[in-house]
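K.L.:
What follows is a structure written as structure tokens; I'll ask about it next.
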Amino acid sequence: MLKIQDLKVRYGSIEAVKGVNIEVKDDAIVCLIGSNGAGKTSILKAISGVVEHSGLIEYNGEDISSASNIHIAKLGIQHVPEGRQVFPGLTVFENLEIGCVNWRGYFGKADHKEELEYVYSMFPRLKEREKQLAWSLSGGEQQMLAIGRALMGRPKLLLLDEPSMGLAPLVIEELFQKITEINKKTGLPILMVEQNARMALSVSDYTYIIEQGQISMEGASADLIHDDRVEAAYFGKSWKVKKEV
Amino acid sequence: MYLQLLIVGIAMGMIYALLSLGIVLLVRAVGVLNFAEGQLFMLGAYVTFCLTYQVGMPLWLMIPIAVVILFLFGVLFMFSIYWPLRKSTWSATIIISCLGASSVISELVKVIWGNNPLVYAPLIKGTVKIGGVNLEYQYLIIIAVCILMIFLIQMLFDKMYVGRIMQAAAQNKYAAGLLGVSATLTVAATYGISAALVGIGGWLVAPLFLVRTGLSDFLLKGFAGMVIGGYGSVKGAVIGSILVGIIESYAVLLTTTYQNAIVFLVLIVFLVIKPDGLIKGKISEKA
Ligand SMILES: Nc1ncnc2c1ncn2[C@@H]1O[C@H](COP(=O)(O)OP(=O)(O)O)[C@@H](O)[C@H]1O
Ligand SMILES: [Mg+2]
């Protein structure tokens, strides 16, 4: 499906990603975890073709390292960005509709009923709020909208950047349920960035731990979740943070 | 007399509305104040003059061709003035290049069509009696055409898929890019639409104010309308501009020489009382 070799991203003099190898297999949920500034978002941006990078990115055998973001979207790689980034002044329905632009073109004659029904069945709350402007939604609803918008684009690979950011624990729980459901139902492979390590490890098949632009550890999520080093580095910390809050 | 002034005021206000709408569309799409909008307005008068009198086209053919030419000029404008500088870290760069472009356009027009003002016959000659005073038909034509233009813009951005894509790109260029929207296309289209919109405004005022480079000064009133309406708000720009037109028109009752001064005096007083404008300009608001 997706194969990344020796990916490097730099911003001026800062080297944010220092040569990483990542693979996403068909049907799998793969996670990138790591602290703030580790370079996770930069990796997703490189895949989507919105940031300068070097190294090889291969998608179903096609080299997309230097493809434009428009071409990559047309291939069905859909990126749900960090912080949701919905279109605030458009309605929920209009936001979803714009997600089709990659296969529907700018004048949008083709029918998108099937996609819409699928998204509404996944997130019934979006149907209820169909006519509401996106800025007026809660954080969790906005995240659903951002994911729904990506699902409208007939995705073959979904990139999710910190879907749990800023959401209440119960909402996170529900959201991750949906994410695994989407993956299980349609076999849609997902590459997900998360800071919520426990959640990420529990829903994913394979996990990479990113530290300062490099992969410090990788393995099947089921193994990593019991790994002492991971426990010390991630759960220990997140427990403490939770207690302090 | 009062009714006549009201009609004149609304008509001129509608013209300012086209200008402020042209500016606001670009503010929302690229966040840049286009100071050359007045020159694009003036260019509209020259292009339609040229097609009508020098090429000899009938009205029904002249309008669509003029719109296409003005649209393409807007696209060319975007690729030469905005695109090369879009990543500049100093925000004034593009404003300065717009100012440069405005004098280039003015000079170019003078080279092609000369320094002397040209006469553009009104669409319907003669006057109509309203409230015992004679009023040129052109004012009524201006109101009708402007309402149509504003309606068409509203339809494009609200009712058409491509318009909503342009709105989306204006609201969040990054997210739109991830979905596969080409920023080059949406920005170029916005420049094209903006140029065609104000160009038609230039055509509309030509029979009343002659075809001359000085027409670009209308931009100031468009700016005033936009500021009164609320910076960045589409609805505000239209309402604010019509208000400016009406104030300017009734100012004649007090003075004929200082009409402009009165408009800007009102603008300043207004800004002191209501600094955000009538409608708080929010990029997130619907167009
Ligand atoms: N546009 C940018 N310009 C300069 N530096 C950036 C930019 N984006 C990210 N960085 C830097 O690159 C590093 C990695 O950032 P990012 O990929 O966003 O990390 P993460 O998503 O893991 O928090 C950070 O040090 C960040 O400051
Ligand atoms: Mg990040």
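K.L.:
Taking A:L7 as the residue in question, decide whether it is aliphatic (A, V, I, L, M), within 15 Å of the chain's Cα centre (by Cα) and open to solvent by less than 60 Å² (accessible area, probe 1.4 Å).
P.N.:
Here the answer is no, as A:L7 does not meet what is asked.
K.L.:
Can you name the condition, by its number, that A:K18 falls short on among (1) in the same structural domain as A:A233 (by TED's automatic domain parsing); (2) open to solvent by less than 60 Å² (accessible area, probe 1.4 Å)?
P.N.:
So the condition that A:K18 fails would be (2).
K.L.:
Across region A:77-109, which residue is most open to solvent (accessible area, probe 1.4 Å) among those that are of a type in the set (S, T, N, Q) and facing chain B (nearest Cβ under 8 Å)?
P.N.:
Here the answer is A:Q85.
K.L.:
If B:G199 meets every condition in (1) open to solvent by 10 Å² or more (accessible area, probe 1.4 Å); (2) more than 14 Å from every other protein chain (Cβ to nearest Cβ); (3) not polar (S, T, N, Q) apart from one, which number is that one?
P.N.:
Unmet for B:G199, out of (1) open to solvent by 10 Å² or more (accessible area, probe 1.4 Å); (2) more than 14 Å from every other protein chain (Cβ to nearest Cβ); (3) not polar (S, T, N, Q): (1).
K.L.:
Can you tell me how many residues within region A:104-127 are farther than 20 Å from A:I182 by Cα and in a helix (DSSP H, G or I)?
P.N.:
Result for region A:104-127: 1.
K.L.:
Are any of the residues in region A:50-63 of a type in the set (D, E), within 14 Å of chain B (Cβ to nearest Cβ), in contact (Cβ under 8 Å) with a residue 40 or more places away in the chain and within 16 Å of ligand 2 (Cβ to nearest atom)? Talk me through it step by step, then tell me what you get.
P.N.:
Within region A:50-63, the first condition is being of a type in the set (D, E), and the residues that meet it are A:52, A:58, A:62-63.
Then keep just the ones that are within 14 Å of chain B (Cβ to nearest Cβ); that gives A:52.
Now drop any that are not in contact (Cβ under 8 Å) with a residue 40 or more places away in the chain, which leaves A:52.
Narrowing further to those that are within 16 Å of ligand 2 (Cβ to nearest atom): none.
Within region A:50-63 (the criterion being of a type in the set (D, E), within 14 Å of chain B (Cβ to nearest Cβ), in contact (Cβ under 8 Å) with a residue 40 or more places away in the chain and within 16 Å of ligand 2 (Cβ to nearest atom)), the answer is no, since none of the residues qualifies.
K.L.:
Additional query: Six or more apart or on different chains, Cβ atoms under 9 Å: show the pairs whose first residue is in region B:261-277 and in a helix (DSSP H, G or I) and whose second is among the β-branched types (V, I, T) and surrounded by fewer than 17 Cβ atoms within 10 Å (Cβ to Cβ).
P.N.:
Close Cβ pairs satisfying both conditions: B:A261/B:T255; B:I262/B:T255.
K.L.:
Would you confirm whether or not region A:194-210 contains a residue that is open to solvent by 30 Å² or more (accessible area, probe 1.4 Å), out of contact with any strand residue (DSSP E or B) (no Cβ under 6 Å at 6 or more places or on another chain) and of a type in the set (G, A, S)?
P.N.:
The answer is yes; a qualifying residue exists.
K.L.:
Kindly indicate which of B:I15, B:I7 is β-branched (V, I, T), open to solvent by 10 Å² or more (accessible area, probe 1.4 Å) and in a helix (DSSP H, G or I). I'd like the intermediate steps shown before the answer.
P.N.:
Numbers: B:I15 fails: open to solvent by 10 Å² or more (accessible area, probe 1.4 Å).
The match here is B:I7.
K.L.:
Another question, if that's okay. Could you say which residue among A:I70, A:I147, A:I57, A:I47 is open to solvent by less than 20 Å² (accessible area, probe 1.4 Å) and in contact with a Ser or Thr (Cβ under 7 Å, 6 or more places away or on another chain)?
P.N.:
Sole residue among the options that is open to solvent by less than 20 Å² (accessible area, probe 1.4 Å) and in contact with a Ser or Thr (Cβ under 7 Å, 6 or more places away or on another chain): A:I57.
K.L.:
A further question on this structure: Against the definition (away from chain B (no Cβ under 13 Å), within 14 Å of ligand 2 (Cβ to nearest atom) and in contact (Cβ under 8 Å) with a residue 12 or more places away in the chain), how does A:K45 come out, yes or no?
P.N.:
Taking the combined requirement at face value, the residue does not satisfy it.
K.L.:
What residue, among those in region A:128-144 that are surrounded by fewer than 17 Cβ atoms within 10 Å (Cβ to Cβ) and either of a type outside the set (D, E) or in contact (Cβ under 8 Å) with a residue 12 or more places away in the chain (or both), is farthest from ligand 1 (Cβ to nearest atom)?
P.N.:
By that ranking, first place goes to A:K131.
K.L.:
Starting from region A:145-162, keep only residues that are at the interface with another protein chain (Cβ under 9 Å from one of its Cβ atoms), then list their pairs with residues that are among the aromatic types (F, W, Y) whose Cβ atoms are within a distance under 8 Å, requiring at least 6 positions of separation or different chains.
P.N.:
Taking only residues 6 or more apart or on different chains, the pairs are A:G153/A:W103.
K.L.:
Here is a further query. Across region A:145-180, what is the total count of residues that are outside any strand (DSSP E or B) and within 16 Å of ligand 2 (Cβ to nearest atom)?
P.N.:
Count: 7.
K.L.:
Can I ask one more? On the basis of being in contact with an Asp or Glu (Cβ under 9 Å, 6 or more places away or on another chain), within 16 Å of ligand 2 (Cβ to nearest atom) and within 14 Å of chain B (Cβ to nearest Cβ), does A:V9 make the cut?
P.N.:
For A:V9, the condition - in contact with an Asp or Glu (Cβ under 9 Å, 6 or more places away or on another chain), within 16 Å of ligand 2 (Cβ to nearest atom) and within 14 Å of chain B (Cβ to nearest Cβ) - is not met.
K.L.:
Something else about it: Of the numbered conditions (1) within 23 Å of A:M122 (Cα to Cα); (2) not in a strand (DSSP E or B), A:V230 fails exactly one; give the number of that condition.
P.N.:
(1)
K.L.:
Taking into account only those residues within region A:25-42 that are assigned to a strand (DSSP E or B) and either within 14 Å of another protein chain (Cβ to nearest Cβ) or away from ligand 1 (no atom under 12 Å from the Cβ) (or both), which is nearest to A:E82 (Cα to Cα)? Reasoning before the result, please.
P.N.:
We begin by selecting, within region A:25-42, every residue assigned to a strand (DSSP E or B); these are A:29-33.
Imposing the further condition that a residue be either within 14 Å of another protein chain (Cβ to nearest Cβ) or away from ligand 1 (no atom under 12 Å from the Cβ) (or both) reduces the set to A:29-31.
Values: A:I29: 18, A:V30: 17, A:C31: 15 Å.
The residue in question is A:C31.
K.L.:
Please determine whether any residue of region B:225-243 is part of a loop (DSSP other than H, G, I, E, B), at the interface with chain A (Cβ under 10 Å from one of its Cβ atoms) and open to solvent by 10 Å² or more (accessible area, probe 1.4 Å).
P.N.:
no
K.L.:
Look at B:V266 and say whether it is closer than 24 Å to B:I153 by Cβ and at pLDDT below 90.
P.N.:
When the stated conditions are applied, B:V266 does not pass them.
The values are calculated or read from the model by the stated rules, or taken from the named source; none is laboratory data. Since this is a predicted model, take the numbers as computed values, not measurements. Quick reminder, even Gly has a Cβ in these numbers, built from the backbone with ideal geometry, and neighbours come from all protein chains shown. Please note that ligands, DNA and RNA were not included when accessible areas were found on the heavy atoms of the full protein model with its side chains. Shrake-Rupley method; radii C 1.70, N 1.55, O 1.52, S 1.80 Å.
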